[in-house]
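Any read-out appearing in this document is the output of simple, stated calculations on the displayed coordinates, not a laboratory observation. A quick note: this is a predicted structure, and the numbers were derived from the prediction, not measured. Cβ coordinates were reconstructed from backbone atoms using ideal geometry, including for glycine residues, and neighbour counts include every protein chain displayed.
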């Protein structure tokens, strides 16, 4: 920020960019859940367990490295992906239960 | 999935797409934190409070609508954005403390 910029205007502009990124994040999450729904249905058809610890560990390692390269706190990246995975597991368990009843 | 597709191959392909989306999500989050760091510094310079409940409520309303349009559970979208905002507030409080000491 240069000295002659109005801070209110700078804040407004930063917030607009944050809003654009948030919209992109939500749309990518929507797409991710469409894919994991397909994975859930596939697991139901073939009686596979809802979670897969080996794959989770690999995903977390890869995303931690990617975060570090992008100057994002790797612990936050891990917390984020665990938050998403936990939601997916809840969805898969619901799909499995709907098959059992 | 058609009958003649190998389910292992289908699962592999879905997981590759999920991994690509996760990489995109982490990179967008990295960019979002670069912007909120700038917001934090601006708030520090002008002694503004770390959180802004009015803006948060507007962001959540907008993202819930966007999620619903994209067939993503609006409650999950809200949980996600609150998770990100909580992390940002922790960052801003650290920036503020570093100014106080």
Review point. How far apart, in nm, are two points set 7 Å out from the Cα along the Cα-to-Cβ line at residue B:19 and at residue A:62?
Key: 0.3 nm
Review point. When the helix-only estimate is applied to chain B (DSSP H runs of n ≥ 4, each -39,500 (n - 2.57), divided by the residue count), what is the mean residue ellipticity at 222 nm, nearest 500 deg cm²/dmol?
Key: -29500 deg cm²/dmol
Exercise for review: Just need the relative contact order of chain B here, percent rounded to a whole number, with Cα pairs under 8 Å and 6+ apart.
Suggested key: 28 percent
Check your understanding: Helix B:53-69: angle to the longest alpha-carbon principal axis of chain B, degrees 0 to 90, nearest 10?
Key -> 10 degrees
Review point. What are the nm distances, shortest first, from residue A:41 to its equivalents in the other copies, labels at 7 Å along Cα→Cβ?
Key: 4.8
**Study point:** Sites residue A:5 and residue B:27 - FRET efficiency at Förster radius 30 Å, r taken between beta-carbons, to 0.05
**Key:** 0.65
Practice item. Would you kindly work out, in nm and rounded to one decimal, the distances from the label point of residue B:16 to those of the same position in each other copy, ordered shortest first, with label points 7 Å along Cα-to-Cβ? Key: 4.0
Check your understanding: Counting only other chains, what is the mean number of Cβ atoms within 10 angstrom of the Cβ of each residue in peptide B:72-83?
Key -> 4
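Two-decimal Rg/Rh of the protein assembly as shown from alpha-carbon positions, Kirkwood Rh?
Here the Rg-to-Rh quotient is 1.04.
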Practice item. Provide an ascending nm list, one decimal, of label-point separations from residue B:69 to the equivalent residue in each further copy; define each label point as 7 Å from Cα along Cα→Cβ. Key: 3.3
Review point. What is the Å³ per residue value for the convex hull set by the Cα atoms of chain B?
Key: 115 Å³
Practice item. Taking 7 Å along the Cα-to-C-beta vector as the label spot, tell me the residue A:96-residue B:75 distance in nanometres, rounded to one decimal. Key: 2.0 nm
